[in-house]
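Here's the structure, in C-alpha cells; my notes come after.
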Amino acid sequence: KREAQLRAAADNLPDAAIFMFDTDMRYIVARGEAISVANMTADDLEGRRLQEVLSPEAVAHLEPLYQTILDGNKQTLEHLADGHHFWTHGSPVYSEGEIVAGLIISQDVTELRQAEAKIRENEQALRALMDNNPDIICRLDRESHHLYVNPALAALHGRPVDEINGNPNAAIEVSAAP
C-alpha cells in the first residue's frame, strides 16, 4: 500500500518529474507530470535504459550527468528540454555504503523564466522612459542616498549620473542652476 501511495504522489508532482536509475542507467522510477512534456509516460521509461528511450542528442546531454551522479557527485543544473526550462537536482542513492542508483528531480521552471523575461522587458522599457524623460526624476533611500537620478536631473546639476547615484544629497556639490 505504501509503495502505491508513493507512486501516486510521484505521478502527481506538479510540473516536475522524478527519475531513479540503476548503475546501468536503467530507469527504476520515472514519474511526474513533467514527463508528458517529452510525450512520454512512466511505462515508456521504467525498466528501460536511457539509451533505449531517448534521442542520441538527449543521451549525449544526459549520460554525463547520470554518470557523474553514479560516481558519487550531487548535481544541480538548469537545462532546456523540448522547449521547456528545467531546474534539475541529482544525487547518488546509497545502500549499505555503496551507490546503487541515481536520483534526479526536475522542476519545470518555464513559466518562471517567461515571467522573469517579461519583468526584464518591462524594466528596460521603464528605464528608457525615465532616462529619456525631460522631467527630473530621482529616487532616494531613507538616508537620502540617490538610488536613481535621470539624465535630466544630472544635467541640471552639471554632473554625470554615475557621480550622483549612490551618494547622499549632502555629499553632492551642485552647480547653480542656469
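List the GluC sites (Glu not before Pro) in the stretch 116-165 that DSSP assigns to loop (not H, G, I, E or B) and whose Cβ has at most 10 other Cβ atoms within 10 Å. Which are they?
Sparse-neighbourhood loop GluC sites (Glu not before Pro): GLU143.
What ranking do 34-47, 68-81 get when scored by the average of other Cβ atoms within 10 Å per residue, highest first?
Highest mean packing first, the order is 34-47, 68-81.
Restricted to Cα positions, what overall size does the stretch 45-123 have along the principal axes? Three whole-Å values, descending.
Answer, in whole Å and largest first: 52, 28, 19 Å.
Using +1 at the C-beta of Lys and Arg and -1 at the C-beta of Asp and Glu, which of ILE136, VAL100, GLN75 has the Cα lying farthest in the positive direction of the dipole of the chain?
The listed residue farthest towards the positive side: ILE136.
Can you check what the net charge comes to around LEU13, using other residues whose Cβ is under 15 Å from the Cβ of LEU13 (Lys, Arg +1; Asp, Glu -1)?
-2
Ratio to report: Rg/Rh of the stretch 107-149, with Cα atoms as the point set and Rh obtained by the Kirkwood method; give two decimals.
1.20
Starting from the coordinates of the alpha-carbon atoms of the chain, obtain the Kirkwood hydrodynamic radius over all distinct pairs and give the value in Å to one decimal.
After inverting the mean inverse Cα-Cα distance, the result is 20.4 Å.
Let me have the relative contact order for the chain, percent, based on Cα pairs under 8 Å that are six or more residues apart.
After rounding, I find 14 percent.
How much length is gained if the chain between ASP22 and GLU96 is pulled fully straight, taking 0.36 nm per residue apart and subtracting their Cα-Cα distance, in nm to one decimal?
25.1 nm
Probe 1.4 Å, all protein chains in place: accessible area of ILE119 in Å², nearest 10?
Its heavy atoms expose roughly 90 Å² to the probe.
The values are calculated or read from the model by the stated rules, or taken from the named source; none is laboratory data. All values reported here derive from a predicted model rather than from experimental measurement. Positions of Cβ are backbone-derived with ideal geometry, glycine not excepted, and every protein chain shown enters the neighbour counts. To get the accessible areas, we keep the full protein, side chains included, count just its heavy atoms, and leave off ligands, DNA and RNA. Shrake-Rupley method; radii C 1.70, N 1.55, O 1.52, S 1.80 Å.
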